[in-house]
1. Mind jotting down the distance between the C-alpha centroids of segment 113-176 and segment 84-109, whole Å?
2. Over segment 112-171, with every protein chain in place, what whole percent of the accessible area is carbon and sulfur at 1.4 Å, could you tell me?
3. Given a 1.4 Å probe, how much area per residue of the chain is accessible, in Å²?
4. Using modelled backbone amide H atoms (1.01 Å from N, in-plane), which distant-in-sequence or interchain residues come within less than 5 Å of Ile81's amide H?
5. Given that just one value was derived from the coordinates, which of [x] 1.25; [y] 1.00; [z] 0.96 is Rg/Rh (Cα atoms, Kirkwood Rh)?
6. Please work out how much length the chain gains when fully extended from Arg43 to Ser29, using 0.36 nm per residue of separation minus the C-alpha to C-alpha distance, in nm with one decimal.
7. Distance in nm between label sites at Thr175 and Asp104, each 7 Å beyond Cα in the beta-carbon direction?
8. If each DSSP helix of 4+ residues adds -39,500 (n - 2.57) and the sum is divided by the residues in the chain, what number results at 222 nm, nearest 500 deg cm²/dmol?
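The values are calculated or read from the model by the stated rules, or taken from the named source; none is laboratory data. No experiment lies behind these values; they were computed from the predicted model shown. For neighbour counting, all protein chains shown are included, and Cβ atoms are generated from backbone atoms with ideal geometry for every residue, glycine included. Just so you know, the surface numbers come from the protein's heavy atoms only, side chains and all, with ligands and any DNA or RNA stripped out. Shrake-Rupley method; radii C 1.70, N 1.55, O 1.52, S 1.80 Å.
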Amino acid sequence: MTPPQVKTWSQRGRTPVVRVRGRSRRRVSIAALTCYKPGHRSRLIYRPRPDDGRRDGRKSFSWRDYRDLLTAAHQQLGGPIVLVRDNLNVHKAAGLREFAENRDWLTIYYLPPYAPDLNPVEGIWSLLRRGWLSNVAFHTPDHLIQTVRRGLRHIQYRSHLIDGCLTETGLAIRTD
């Protein structure tokens, strides 16, 4: 919940100060898919997952959470999915691999080992951090989740922002 700091404008002689109570160790994990189809509007599908606050609880997405996100995306998009993802260890989990092998509508490709510049979702995170999450002191995890949802919803309804994230990678969609 520590806010990213960015430069901002203020009145001369009045430096803006963002006060943060550094006590909270809770966090929010977010999984997102940028969806592109030639001739259609680009889409963003996302799911936040708050830390449940328990010491023994899971703090991030499990392969089952990703499976559920892919199933929901398939239902929303209504067609086959070609998924290009990074090499996060949970993305390569045995359960998720088995799930993908049993679905004829899902094809998975992996980016090179460290290539965030080829991942359009990194552009979404950048837009979110530089915009809605910058210079904000979050009072509670719910306040953080509400702000994240508002920012992602804003991006979600502006397909030109999602298209720009793909353009920034230098990749293109081909239909062969």
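1. Computed from Cα coordinates, the inter-centre distance equals 22 Å.
2. Working: 1830 of 3440 Å².
Carbon and sulfur together cover 53 percent of it.
3. Values: 12110 Å² over 176 residues.
About 69 Å² of surface per residue is accessible.
4. Answer set, sorted by chain and number: Leu106, Thr107.
5. [y]
6. On the way: separation 14, 0.36 × 14 = 5.04 nm, distance 1.98 nm.
Length difference between fully extended and current span is 3.1 nm.
7. So the two model labels end up 2.2 nm from each other.
8. On the way: 5 runs with 61 residues, N = 176.
Roughly -11000 deg cm²/dmol at 222 nm, from the helical runs in the chain.
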